[in-house]
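The values are calculated or read from the model by the stated rules, or taken from the named source; none is laboratory data. Keep in mind that what you see is a predicted model, and the values were worked out from it rather than measured. With ideal geometry, Cβ positions are generated from the backbone for all residues, glycine too; neighbour counts draw on all protein chains shown.
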Amino acid sequence: MNEGLARGDFQPSRASRRIRVLYRTRGFVLASSLMEPGHDPLSLADAPLTALLAEARAAAAHAYAPYSGFRVGAALRLASGEIVTGANVENASYGLTICAERAALVRAVATYGPALRIAAVAVANLNNAPSPPCGACRQMLAEFIDPGAPAAFPTAEGPKVVSFGELLPLAFQKAHS
Ligand SMILES: [Zn+2]
């Protein structure tokens, strides 16, 4: 199955320029031509995000989804370079089900502590279905991720990459005084 990123998915924007800086500062190889018109973002964005999508897909194999059969995996690349994965875990009381993204997040915090920052998010499923992060997961992730960080997830047209800020503009934030 093609886990690559579709051509044209990544549109230049202020957020994407921020991503370029993030990648440089965190040691990823990402050519500056990613943001220039006429270049294929697939081959350039491929290395970090396609690898992360593969991790998410592998995690989906561990999903506990006896009720929906919808098996989802998520992979978080932390600013430290660590990758943490999660899978959805369903429950007979349907509302208690936890998504793969939140499963990965709580695992990451439990493993690396509350100061962690997320550099990139990838979501995949084994059902060949679109699965952008749900609203609850977006809000949970927002606590630990910068708006410019990339998020990759399956759409009807294939894997798509957007900045996290595009996924969740105007996230709820506690007012700090
Ligand atoms: Zn969710």
Of everything in segment 127-139, what is away from the ligand (no atom under 13 Å from the Cβ) and either hydrophobic (A, V, I, L, M, F, W, C) or more than 23 Å from Gly69 (Cα to Cα) (or both)? Give them in sequence order. Ala129
Looking only at segment 98-128, how many residues end up being touching a residue at least 40 places away in the same chain (Cβ under 8 Å), more than 12 Å from Ala79 (Cβ to Cβ) and surrounded by fewer than 24 Cβ atoms within 10 Å (Cβ to Cβ)? 4
Pick from segment 76-93 the residues that are among the charged types (D, E, K, R) and over 11 Å from Ala63 (Cα atoms): which of them is farthest from the ligand (Cβ to nearest atom)? Glu82
Criterion: among the small types (Gly, Ala, Ser), more than 14 Å from the ligand (Cβ to nearest atom), closer than 30 Å to Gly69 by Cβ and touching a strand residue (DSSP E or B) at 6+ places or on another chain (Cβ under 9 Å) - qualifying residue of Ala120, Ala124: Ala120
Any idea how many residues of segment 94-115 are among the small types (Gly, Ala, Ser) and under 15 Å from the mean Cα position of the chain (by Cα)? 4
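Somewhere in segment 27-39, is a residue over 19 Å from Pro132 (Cα atoms) and either among the hydroxyl-bearing types (Ser, Thr, Tyr) or modelled with pLDDT of 90 or more (or both)? Spell out the reasoning first.
We begin by selecting, within segment 27-39, every residue over 19 Å from Pro132 (Cα atoms); these are 27-39.
Within this subset, residues satisfying the condition of being either among the hydroxyl-bearing types (Ser, Thr, Tyr) or modelled with pLDDT of 90 or more (or both) are 32-33.
Yes - at least one qualifying residue is present in segment 27-39.
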Residues of segment 94-117 being under 17 Å from Phe164 (Cα atoms) and more than 16 Å from the ligand (Cβ to nearest atom), in sequence order, are Leu116, Arg117
Go through (1) surrounded by 15 or more Cβ atoms within 10 Å (Cβ to Cβ); (2) under 12 Å from the mean Cα position of the chain (by Cα) and name the single condition Cys134 misses. (1)
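Go through the residues of segment 124-132 one by one and say whether even a single one is touching a Leu at 6+ places or on another chain (Cβ under 6 Å) and hydrophobic (A, V, I, L, M, F, W, C).
yes
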Within the bounds of segment 52-60, is there any residue that is without any contact (Cβ under 8 Å) to a residue 60 or more places away in the chain, away from the ligand (no atom under 14 Å from the Cβ) and not aliphatic (A, V, I, L, M)? no
Some residue of segment 75-84 being under 15 Å from Ser131 (Cβ atoms), under 18 Å from the mean Cα position of the chain (by Cα) and of a type outside the set (Val, Ile, Thr): yes
